Structures are given as C-alpha cells and as structure tokens.
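Trainee: There's a structure below that I have some questions on.
The values are calculated or read from the model by the stated rules, or taken from the named source; none is laboratory data. What you see is a predicted model; the values in this text were computed from it and never measured. We place every Cβ from the backbone using ideal geometry, glycine too, and count neighbours over all the protein chains shown. We work out accessible area using only protein heavy atoms, side chains counted, and drop any ligands, DNA or RNA first. Shrake-Rupley method; radii C 1.70, N 1.55, O 1.52, S 1.80 Å.
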Amino acid sequence: QNLDTVSKKHQTAVRRQAALFFENEFGPNTKLFDGGSSDESMVDDATRRVRATSSKQMLRSLMDVKLKNINFRSERSYLLADSAEFKASDKDLSVGTLCVRGYLRGQPLGIHQLVHIPGHGVYQMKQIDSVPDPYPLKRNHHKKTSKGIETTETLLVADPSKIPDLKEEATPDIFMGEQTWPTEEEMTTEESRDTSGKTKSTKKINEYQSSWNVGDESEEEETLEKGESDDDDLDEEKMKDTALNEQLLKEWRQRRLDERDEIMFPDEVEVPLDTPARDRFIKYRGLKSFRSSPWHPKESLPAEYAYIYQLKNVNSLQKDVLEFGREKEEAWLNSLSQKKGPTGEGSMDMEENQVSVSTDKVVPDYPECVCPGTFIAVHILNVPSTVFEKIKDQKLPLIVSALLEHEQKLTVVNCNVQRISTYDKPVKSRELLTLHCGFWRRQVRPTFSENNLNCDKHKMDRFLQHGRWTVASVYAPVTFGTNVPAMFFDSEGVLVAAGCLLDLNPDRIVLKKAVLTGYPFRNKKRNAVVRFMFHDPDDIKWFKPVELWTKYGLSGRITDSLGTHGLFKANFDRIVKNNDTVCMSLYKRVFPKPVGEFASLRTQH
C-alpha cells in the first residue's frame, strides 16, 4: 500500500525487500498485491483498473488458501468452552465437578483419558453428555422427545478402575540408592596405607569421593563465587518497598555486567581468598578430554531423580501412542463415509436417517470415544473451587485438552530454543520462567547448555546467548508429538525464547565448567612459575593431577609447590610466553532445578 509515494526508481527495490520480509515471516508461498493509495484523487483510470484486477486476484488467492496443520492440536482432543458450570461436592465444598460445554475438536475423545486445563492442572472425567447444539446448521437436527423438546443424553460414563492415576511423580525405590560395599582386598589396601603414614591423604580422598553422594548439592551452592547465584527468587510483596527496588536495580546491573564478563571471559572463576579452593570446588573434577573422557550418566544423581520417570524406548512408545490416535480418527472418518447417501451428501437429518444420538456421536469401533464435531458437556471431577474462581476472574477463553497415554508423568524435557532477537535483557540459567509447550504451561527453572552432536557431554551456559541454539532442560510432563516450546517472563509477559522439542532424556549430561586462571613469571623455556591461581599450597597438592592449558594453545602439568602463598612450578610442552594465561578446567554435573515439584521430598527434609 502507498507504493506510489516512493519514487519510481526505488519502487522495485522496495517491493523486493517487502517480498523477502513476508516470505521469511509467512513462508515461500506468500504473494504481494497492490493495496492502493491513501489519496485516490491523484490516481488515473488505468491505475484504478490495474488495482481492481489486483484486488480480485487477492480475493481469489484468499479463497484458495488452506489452513496449516498444527500438529499438537491435530494429535489430541480438545474443546473451547462455550459455557462452564461448577457444582460443589456434598462432602467437601472446596472441590466439586466442573461441567464444560463446547464443540469437540481434534481426535475422538476417550472417556478414560485425563484432561488438562492450561495453567490449572490435570483432572479425571466423570462422564460425557450430548448437549443440544446452540448453533445448529439445521433446526431439526436435534433429537427431540414426543413433546418436541430438546434433551440431553449421557453418552459415556467413566469406569473408575480404568481411569489412569493423576500422580505425576514416581514412587522411589529405597534400595536403588544403596552403595557398593568395598571388597576385602580394597579394605586391606586402604588399611595398609593408613599404617604407612598416609592417613591424611586418604582422609582427603574419602572426603572428596563422599562429596559426590546424593543430597550434598546444597552445600556447594552456599559457596558460589561473587556475582553468580543459582537462586534469583524475588518476593513480589516486597517489590513495593523503595529500598528493595534500589537493590533490585543493583542486581540487574550486576547481572548485566556478569553477562558481559561471561562473553569476554567464558567460564572463568576467581578463587576466593577466604575459602580454600579444595573446599570451594570440591564437587568438581578434571577431565583429560571433554569429548572422550568417561562420565557415567547414573553417577551421583540428585534425590529428585528418584521421583521422575525415564522412558526406555521413547521413539517406539511415541509411535505407538500416536498411531493409536490415528486409528481412532480413521475409524471415525470411515463411519462418516458410510453414512453418506448416494448423492454424496451426508444425511444428517434425523427424520431421513433414523439413527440414535449415542450411535451417531460415538466412534463405532471404539465405543468409549466421542466423535469430533459433537457439541458435548464434559464433567471433570475433583476440581478445586479456587480454580473455577480464577477461571472467571481471568476472563480468558477456557480450553480443555485431553492427554495422551503417559503424558501426566514427570520427566526431564530437553528443548532446543533460540533467544528472541528483540529481547535484550540478560536471561540467566535457572531463572524463573513460564514454559508454554502445546496446551500446557508451567513455571520452570531451565538449565541452559550447548548441544554437542559428537559428544555425550554438554557444557552448561550461564546465560542464554543471542544468535545460536541452546538446549533448555526442565522438569516437565512427558510430551509426545511435535510441539513448539516458548518461554516467557511472568513479571513482564514478554517472549524470551522459542524453538522445538528435542527429547525426553534424564541421562543428558550437562557439565558446569569452571576455569581457574593464573599468570606465568620467571619463565625459563618450557618451565614457568605461576601465581594468582591458588592462595594455599594445600590447594596445589589437591589439584596437582589436573592438566593445565594456556590461551596460546600450550598444555602442561603442575610439578611442585613454591612457598606458602600459592605459587607453583609448571612444565609445558612448548616455550611459555610472559603474556600468556595459564588455565585449569574443572567440571561438575548440574541438573534442572524444580519449582513446585517434589513436594513430598521437601517435606522429608
């Protein structure tokens, strides 16, 4: 529109640029049409005829446009509520039955499927009724009694023994966490070492090994370096205080500086002066090769992993679940084709086709499923009254979607996301976000990491970076099919990142990298004295087996400690330069952080 306001010399370039923009946004089949000018008095008759032809072409193209298939909707049953009613229980007024009326869309709905209300949880169905259509295509389409009054008919009633459990967390096995007892030969060897005067060294090794046991993760979190914290919880009630607002502003500025430092000096960490490095990095270990060094996926798992599910063959299970849904849909479509008359038109008039409502609205080969396109009333059990009050207060459309098999179970979901280019604020790993994936949404604290295709280990990203894909690992329900995850900030309601679902894999190894740096001086060929990496000679003995590397591509090892201020000798494979930086890489496995999950685990502690 208003293309005539541009000079004729640049009209072709502007049109080409607009076509390229809309093709990137809406696909390669996008077409452009001349929409006219704001001042029609300056347009001649020939131009008006051209624009009239262009308008007809636009209308013709709109008639030929086909809706794109949205997979997460076509693979599930769902309905947009036309009306909703809540009936409190006689025994407990705080819960009751929620009756939702609307047109069933997607696939046939089974009475024994669980249903999900976005933002309010998963529930069970009590029954499904056939309700008179408030917007019928034909007035005589409804079933009527002898008096000609429209009636409601119960289509399906749930069998309590066939309804899946609502519990999303697994029951932990107390015997799965037991440790392997050492053999007699190992115990004899350790005793001989103790008697030979190496009691102190063995004690340190035992402390280092025992620090990897389940449940010790909270000790290391208390000693995080300055400017790095895994908890960014902000109390909304205290946000109104002016002093706290100033503190939040300082934290935001500090987070901005931390993000810049992470880009300029990735993973570099300073050893605190008041804490020994062997205590600060007691959870970490060195790796000779990040790609090929072994790291067992079942080693030192947190207590939360006892409460989640791990699916053995996810691809095969997903294929079976989706195939069952397609079989139901094909059975429903076949029943529709059989009901068509000789002219090819459906005989939906009840006077011409004497078919009962229950037979007409239930899939023939699947008697526990309701056909899509039916106006039904779904009775949902044990819905809290507070949920219904929130639904009314939000004044938003109410959607009820059915879950596929196993989709109520909790696991680790890995999403491949990319940061939105228009959002310029820092997004830290494990920060509280809202994840939308398909029909469900929940608050999560994602752990960001790289996606290495040729390695089973992936380095953690402390911040969500621009311009590249990042994997976000969260605790979330099992999700089948093709879904598009999107992450939002609750406080701002702004889209932060979006992408695709990668896999359901709790065994994904995400390693947090910490790089200790020092500076060489008194260099002599391949030998050098390094300072400022440690402040205690005992730390040097502790990290002596870990390999060193420099920013100029050298590799070496610690040979000996010097003095009492953390100096040490190092030997490298080439000549060391004075302007080089000596580094030591340490790694620790990290896991997603729960938000509202594992309530039973929190009560135990």
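Trainee: May I ask for the equivalent-ellipsoid semi-axes of the range 395-438, computed as the square root of five times each C-alpha gyration tensor eigenvalue and listed largest first in whole Å?
Mentor: Taking √(5λ) for each eigenvalue gives 27, 18, 10 Å, largest first.
Trainee: Thinking of the range 354-505 as a set of Cα atoms, what percent of all their pairs are more than 28 Å apart?
Mentor: Here the tail beyond 28 Å accounts for 38 percent of pairs.
Trainee: Could I ask something else about it? Here are some pairs, LYS126/LYS319; LYS126/LYS328; LYS91/LYS167; LYS312/LYS513; LYS541/LYS593; LYS459/LYS593; which of them have Cα atoms lying more than 27 Å apart in this structure?
Mentor: Among LYS126/LYS319; LYS126/LYS328; LYS91/LYS167; LYS312/LYS513; LYS541/LYS593; LYS459/LYS593, the Cα-Cα distance tops 27 Å for LYS126/LYS319; LYS312/LYS513; LYS541/LYS593.
Trainee: Could you tell me which trypsin sites (Lys or Arg not before Pro) in the range 522-605 are loop residues by DSSP with no more than 15 other beta carbons within 10 angstrom of their beta carbon?
Mentor: Here the trypsin sites (Lys or Arg not before Pro) that fit, given the DSSP loop and packing criteria, are LYS525, ARG526, LYS551, ARG574, LYS577.
Trainee: Could you work out how far apart the two model spin labels at ASP538 and THR152 are, taking each label as a point 7 Å from the Cα in the direction of the beta carbon, and quote it in nm?
Mentor: Distance between the two pseudo-spin positions: 7.5 nm.
Trainee: Which order do CYS500, CYS455 take when ranked by solvent-accessible area (1.4 Å probe, heavy atoms of all protein chains), largest first?
Mentor: Greatest to least solvent exposure: CYS500, CYS455.
Trainee: Could you please state, rounded to a whole Å, how far the C-alpha centre of the range 462-514 is from the C-alpha centre of the range 68-123?
Mentor: Here the answer is 27 Å between Cα centres.
Trainee: Evaluated at 20 °C with a viscosity of 1.002 mPa s, what Stokes-Einstein diffusion coefficient in µm²/s does the range 539-605 have when Rh comes from the Kirkwood expression over alpha-carbon pairs?
Mentor: 141 µm²/s
Trainee: Give me the orientation-averaged projected area of the Cα convex hull of the range 473-605, in nm², one decimal.
Mentor: If I average the Cα hull's projected area over directions, I get 13.7 nm².
Trainee: How much of HIS296 can a 1.4 Å solvent probe reach, expressed as accessible area in Å² and rounded to 10?
Mentor: 110 Å²
Trainee: Does a label point 7 Å from the Cα of ILE70, set along Cα-to-beta-carbon, have any residues of the range 434-455 with amide nitrogen under 18 Å, and which are they?
Mentor: Backbone N within reach: 435-442.
Trainee: Here's something else I'd like to know. Working with all protein chains in place, sort LYS126, LYS8, LYS56 by solvent-accessible area computed with a 1.4 Å probe, largest first.
Mentor: Result of the area sort, largest leading: LYS8, LYS56, LYS126.
Trainee: Please work out how much accessible surface LYS328 shows to a 1.4 Å probe, ignoring ligands, DNA and RNA, in Å² rounded to 10.
Mentor: Its heavy atoms expose roughly 10 Å² to the probe.
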